[in-house]
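The values are calculated or read from the model by the stated rules, or taken from the named source; none is laboratory data. For clarity, every value in this text was computed on a predicted model and none was experimentally measured. Here the Cβ positions follow ideal geometry from the backbone for every residue, glycine too, while neighbour counts run over all protein chains shown. Ligands, DNA and RNA are stripped out before the accessible areas are found, and what is left, the full protein with its side chains, is counted by its heavy atoms. Shrake-Rupley method; radii C 1.70, N 1.55, O 1.52, S 1.80 Å.
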Amino acid sequence: PAMPRTVRIGGYGAMWGDTALSVPQLLRGGNLNYLTADYLAEVTLSIMASQKMKRPSAGFAYDFISTMREHLKEILAQNIKVVVNAGGVNVASCRDALQDVAKQLKLNVKIGVVLGDDVSGQVESVRDSIVEMFSGLPFPERTITSNAYLGAFPIAQALGDGCDVVITGRVVDSALILGPLIHEFGWGGQDFDKLSQGTLAGHLLECGAQSTGGLFTDWRSVDSWVDIGFPIVEVEASGHFILTKPPGTDGMVCPATVAEQLLYEIHDPGAYHVPDVACDWTRVRLDQCGPDAVRVTGACGQAPTSSYKCISTYLAGFKLVLHGTVIGYEARGKADRIASHTLLARWRRMLRDAGHSDFTDSRVELLGGESEVTFHLGVRHADKAALEPLRRESAAATVSMAQGGVVAPGTVHPVVGSFCFLLPKSEVPCAVDTGAGSVPCAVPVEGGFVSSRSSNAVVDAPSLPSGPTTRLVLRQLCWARSGDKGNSANIGLIARRPEYLPLLRQQVTPDRVRMFFQPDCKGKVERFELPGISALNFLLHETLGGGGTSSLHLDPLAKTYGQRLLEMVIDAPPEWFVAPAKL
């Protein structure tokens with residue numbers, strides 16, 4: 001068949017449990033070739049694994065099946081293909097459940113699955129030589145799940161075999177979009193610039209409405225989120241693409257909304273690693289090319305590494321977390337006494353009296369002003385039995401401590417830790433099953449990555465301004481977006497105008513950012529530059545108290561860090577205060 005001029009892919013979900021309104025919206029106005037959704041976060045596989053232990057047919061994203069029950073007929077009628085990672089830890093059961101739905105609806109659908117991401121068997125034989133890729137810690141004694149982040153070529157192989165739906169387990173999120181592009185345009189393993197552009201298209205699509213006005217810094221400029229448009233990429237054979245949304249929907253697509261999502265959790269933009277390519281996004285360009293349409297060009301690539309990133313989850317003890325609110329005169333002082341000086345002290349005494357060891361971690365956070373405060377108190381312990389009696393004491397705070405205070409009893413939850421490591425690609429065979437049994441998928445394993453191109457990100461912005469200055473906060477000069485990378489926080493800062501960048505580079509230094517996030521930032525801070533979009537990207541190591549479900553932080557995923565950094569004060573020319581805020 002002839003190569004298509006463009007391929008249109010819609011992203012209908014950013015997580016397991018995202019809105020049910022996105023698929024009908026995209027079917028009505030998307031004019032799509034493909035539908036994709038990202039169902040898997042790092043902790044999701046451990047949740048699915050516990051479900052599978054209780055019921056062998058469980059362990060996948062059930063809401064994918066309910067979505068297909070409602071919309072599969074229309075999807076097939078429009079000749080749209082579906083690619084999702086909803087298989088979780090049980091892609092076979094997910095396929096069977098979808099096949100049952102198709103039979104009930106009297107629809108003929110060819111379903112393919114990608115196999116090989118479960119590396120539990122490989123890990124057992126080499127566990128003594130595996131260390132955590134960030135901390136250097138040894139491999140956990142017992143694990144719940146162990147999975148490799150596979151790439152896009154197995155998805156392309158399944159599509160090439162005529163599948164209408166492709167279901168995967170753990171793959172890198174962007175592979176759900178890159179796979180269809182490899183299939184449609186015939187890109188090969190050496191087409192690194194195209195693979196990087198396709199990965200960027202996937203990166204901008206995988207988080208749903210976060211690139212179309214959701215979570216945008218300038219939230220008042222987005223008229224409504226009620227029917228927020230979900231993202232569509234229209235990709236050319238060159239890899240260049242336009243990001244847009246269905247016509248008549250809410251939200252906004254402009255270079256700033258796209259730039260915020262581009263910086264989301266990318267670590268080093270000169271070497272953003274996925275299995276198929278090492279991406280260099282330092283020179284990406286974002287140009288408004290129509291209403292709610294941004295053209296994305298300039299992504300480059302080089303050979304990937306010879307390893308897969310893998311993640312194991314394991315039981316890391318238990319935690320008790322509670323919240324309370326205090327209202328009235330000296331509310332902050334009362335809240336601090338309840339949480340820090342009474343409950344925490346009483347709990348520690350109870351542990352000692354019962355013969356238990358101390359908490360492995362504890363944390364108190366106070367949010368609010370002097371007259372209304374919400375507090376967050378969390379503790380961790382290896383023994384669940386040590387935490388259960390403490391819940392009763394937290395409830396007692398409402399009736400025996402500060403007037404104007406209400407404290408919920410809290411709950412005890414298991415802590416699921418994440419352990420990231422590398423395995424050689426040559427030791428992780430992958431395969432596809434499109435209905436006739438498992439067929440091996442040959443993917444490049446030799447690697448060849450040399451070094452990050454961030455060191456070559458030449459900055460050609462104007463020189464520093466001269467003359468008088470005034471005190472401004474960063475939100476007057478920047479947009480921001482933040483997220484997590486394990487125990488590290490990733491903050492992207494985008495200058496509203498290119499001429500702001502030299503001053504930002506001078507004053508928003510790694511050392512200053514590290515001090516701004518004390519006492520939480522315990523490691524170094526790295527800063528990377530993206531001159532193509534006038535941006536800086538910061539990586540704050542050892543900041544999130546373990547990150548994910550391991551953390552006691554109120555924000556263990558660093559979602560608030562970008563908005564926090566925007567309150568940093570810098571010295572800038574007074575006329576910048578009223579400068580237009582368009583990228």
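As a summary of the residue check, ALA2 satisfies the conditions (1) in a loop (DSSP other than H, G, I, E, B); (2) under 20 Å from VAL82 (Cβ atoms) except for the one numbered (2). Anything in region 14-40 that is part of a loop (DSSP other than H, G, I, E, B) and closer than 22 Å to ALA92 by Cβ? List them, or say none. Of everything in region 14-40, those that are part of a loop (DSSP other than H, G, I, E, B) and closer than 22 Å to ALA92 by Cβ turn out to be TRP16, ASP38, TYR39, LEU40.
A residue that is under 23 Å from ILE182 (Cβ atoms), open to solvent by less than 50 Å² (accessible area, probe 1.4 Å), touching a residue at least 60 places away in the same chain (Cβ under 8 Å) and in contact with a Cys (Cβ under 8 Å, 6 or more places away or on another chain) occurs somewhere in region 300-309.
Within the set LYS524, LYS485, the sole residue that is charged (D, E, K, R), free of Cβ contacts under 8 Å to residues at least 24 places away in the same chain and open to solvent by 40 Å² or more (accessible area, probe 1.4 Å) turns out to be LYS524. Restrict the check to region 393-408 and report whether at least one residue is open to solvent by 20 Å² or more (accessible area, probe 1.4 Å) and under 28 Å from the mean Cα position of the chain (by Cα). No, that holds for no residue.
Of the residues THR143, THR67, the single one that is within 27 Å of the chain's Cα centre (by Cα), modelled with pLDDT under 95 and β-branched (Val, Ile, Thr) is THR143. Among the residues of region 256-274, the one identified as surrounded by 22 or more Cβ atoms within 10 Å (Cβ to Cβ), closer than 21 Å to ARG170 by Cα and out of contact with any strand residue (DSSP E or B) (no Cβ under 6 Å at 6 or more places or on another chain) is VAL274.
Selection of helices (runs of 4 or more DSSP H) fully inside region 472-583 by the criterion of at least 2 residues being within 30 Å of THR313 (Cβ to Cβ), touching an Asp or Glu at 6+ places or on another chain (Cβ under 9 Å) and at pLDDT 95 or above returns 561-565. The set of residues in region 1-50 being touching a helix residue (DSSP H, G or I) at 6+ places or on another chain (Cβ under 9 Å) and of a type in the set (S, T, N, Q) consists of THR19, SER22, ASN33, THR36, SER46. Pairing residues of region 220-244 that are more than 19 Å from CYS289 (Cα to Cα) with residues that are open to solvent by less than 50 Å² (accessible area, probe 1.4 Å) and among the charged types (D, E, K, R), at Cβ distances under 8 Å and at least 6 apart in sequence or on separate chains, gives ASP223/ASP250; SER224/ASP250; TRP225/ASP250; VAL226/ASP250; ASP227/ASP250; ILE228/ASP250.
Of everything listed in (1) under 27 Å from the mean Cα position of the chain (by Cα); (2) within 30 Å of TYR308 (Cα to Cα); (3) open to solvent by 50 Å² or more (accessible area, probe 1.4 Å), the single unmet condition for THR411 is (2). Might you check whether a residue that is over 24 Å from the mean Cα position of the chain (by Cα) and open to solvent by 50 Å² or more (accessible area, probe 1.4 Å) occurs anywhere in region 29-39? Within region 29-39, one or more residues are over 24 Å from the mean Cα position of the chain (by Cα) and open to solvent by 50 Å² or more (accessible area, probe 1.4 Å).
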